[in-house]
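What follows is a single structure, written as structure tokens, with notes after it.
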Amino acid sequence: MSIRFDGRVAIVTGAGTGLGRAHALGLAARGAKVVVNDLGVSTDGEGRSSEAAEAVAAEIRAAGGAAIAHGADISSEADVADMVGQAMAEWGRIDILVNNAGILRDKTFSKMSLADFRKVVDVHLMGTATVTHACWPIMREQKYGRIVLTSSSSGLYGNFGQSNYGAAKAAMMGLMNVLHQEGARDDIRVNTLAPTAATRMTESLMPEDALALLAPETITPGLLYLVSENAPSRVIMGAGAGSFAQTRVYETRGITLTGDDNTPEAIADRFEDLSDPTDQEELVNAFSQTQKYARNAAEAQGLKLNWGT
Ligand code: NAD
């Protein structure tokens, strides 16, 4: 069964170049009407130009698709309201939101100014929240929405010199987990993409032969699946050079200490035990952790607890 987006309206942020451009072209090629957003800044977030967004929108139209360009700064509420307003005026709905725009301001934590920390959090986390917040009531009203947040291996696993970026990218997972739960009743599905691609952001970090393999277009099929009609929800998909994988967070079964045995020394003694991955599980929500611990404690103390399963 082929995946199509006919009749669907998509916003792709940071779509003037790199991954966002590939995603916008991929959506348009399969029938979506696309709002090509880009502020046209340098990799560290300086400057402003609508040229890149306009060029990609023109490319889509030249290929027979439908696109409008918008130069909103995703971290500006007023800019975003204008962009979402234009999309609604033009096409009357927003089905797909690809939060992709981003910048870097790398430095070791000891050398990083808080201004650079704040700026990166502002663009990645607040920018994603701002655009998503503007689209959310529209998707709820439609009872349909597909949202992708863009994370990074830097946020999931850590990367030297990227405390600001890593923190902002890890926040995507937290935002996804909650929006997944709040969106479910209105068929709003929320997923996270953790790409690795050859773009201007990374071109100085990799050898030529690796860059050739890591073209942004190799990632876009994963993005298209995550925003499709039958998309999953609450998935963190790693993607690059044609490899696709899921990142998951598991909790070990753990140990339970009661009364006078609940000491830091007992935890030190049994640290290996509490870290044992046998029977580790992916918890479905915050309260499943609370219920698990309350149940463990009740069982250890021979009590009966009527809460959770
Ligand atoms: P890129 O620099 O090629 O593209 C980012 C685009 O976002 C640019 O066109 C830029 O003008 C735009 N942008 C920046 N700030 C904006 C703002 N405030 N409002 C609107 N547009 C803005 O980078 P890319 O490599 O294509 O990265 C795309 C996304 O993927 C980013 O979120 C990035 O952090 C993430 N990512 C990339 C890689 C990689 O290997 N390239 C790895 C992990 C995550």
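Computed from the C-beta positions of Ser288 and Thr247, the FRET efficiency with R₀ = 22 Å rounds to 0.70.
Towards the positive end of the charge dipole of the chain, with charges on Cβ (+1 Lys, Arg; -1 Asp, Glu), say which of Leu114, Pro221, Ser163 has the farthest Cα. The Cα lying farthest towards the positive end belongs to Pro221. If you take every DSSP beta bridge fully contained in the chain, what fraction is antiparallel? Give it as a percent rounded to 5. Restricted to the chain, the bridges split so that about 20 percent are antiparallel.
Here the calculated FRET efficiency for Ala55 and Leu303, from their Cβ-Cβ distance with R0 = 51 Å, stands at 0.15, rounded to the nearest 0.05.
When the surface is traced with a 1.4 Å probe over the full set of protein chains, Phe271 keeps roughly 120 Å² accessible.
The alpha carbon centroids of the range 242-265 and the range 44-80 are separated by 44 Å. For the chain, the per residue solvent-accessible surface stands at 51 Å², with DNA, RNA and ligands left out and a 1.4 Å probe. Just the protein heavy atoms count here, and of the accessible area of the range 84-144 at 1.4 Å, carbon and sulfur take up 56 percent. The alpha carbons of the chain give a radius of gyration and a Dmax of 21.8, 74 Å, in that order. For the residue pairs Lys119/Lys169; Lys33/Lys169; Lys143/Lys169; Lys33/Lys143, the C-alpha atoms sit more than 25 angstrom apart in Lys33/Lys169; Lys143/Lys169.
Toward the positive end of the charge dipole of the range 9-247, with +1 on the Cβ of Lys and Arg and -1 on the Cβ of Asp and Glu, the farthest Cα among Ser76, Ile96, Gln142 is that of Gln142. If you sort Phe5, Phe160 by accessible surface, 1.4 Å probe, largest first, the order is Phe160, Phe5. Of the three principal axes defined by the Cα atoms of the range 161-293, the extents in descending order read 59, 42, 28 Å. Considering the range 53-112, its Cα convex hull presents a mean projected area of 5.9 nm².
The values are calculated or read from the model by the stated rules, or taken from the named source; none is laboratory data. What you see is a predicted model; the values in this text were computed from it and never measured. Here the Cβ is made from the backbone with ideal geometry for all residues, glycine too, and neighbour counts use every protein chain on show. The accessibility values were calculated without ligands, DNA or RNA, using every heavy atom of the protein model including side chains. Shrake-Rupley method; radii C 1.70, N 1.55, O 1.52, S 1.80 Å.
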